[in-house]
Amino acid sequence: MDAYEVLGLKPDASDDDIKKAYRKLALKYHPDRNQDPEAENKFKEVSEAYSTLGDPQKKAQLDAF
């Protein structure tokens, strides 16, 4: 999984851009707001991508590769 791709961002995205993209997608795919069966899986994927990019150490590891 490419965390940047999941959030629709480029690798040079700022922390604010990452946070904005996550919030937008989290609202869109949240299971309470979206009844599509795939929405829950997409929400989990978006959350996992944000947990990677939101943590400076994990982001640095990802950017190193």
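Values computed for the structure shown
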read-out	value
Efficiency of FRET from Cβ geometry, Lys19 and Ala64, R₀ 22 Å, rounded to 0.05	0.50
Calculated over the chain: convex hull of Cα atoms, volume per residue (Å³)	70
Linear extension gain, Gln35 paired with Glu48, 0.36 nm per residue minus alpha-carbon span	2.7 nm
Cβ-defined net charge surrounding Met1, 9 Å radius [Lys, Arg +1; Asp, Glu -1]	-4
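Where a number appears in this text, it was derived from the coordinates with a stated rule and is not lab data. This one's a predicted model, so the numbers in the text were calculated from it and none came from an experiment. Ideal geometry is used to build each Cβ from the backbone, glycine not excepted, and the neighbour counts take in all protein chains shown.
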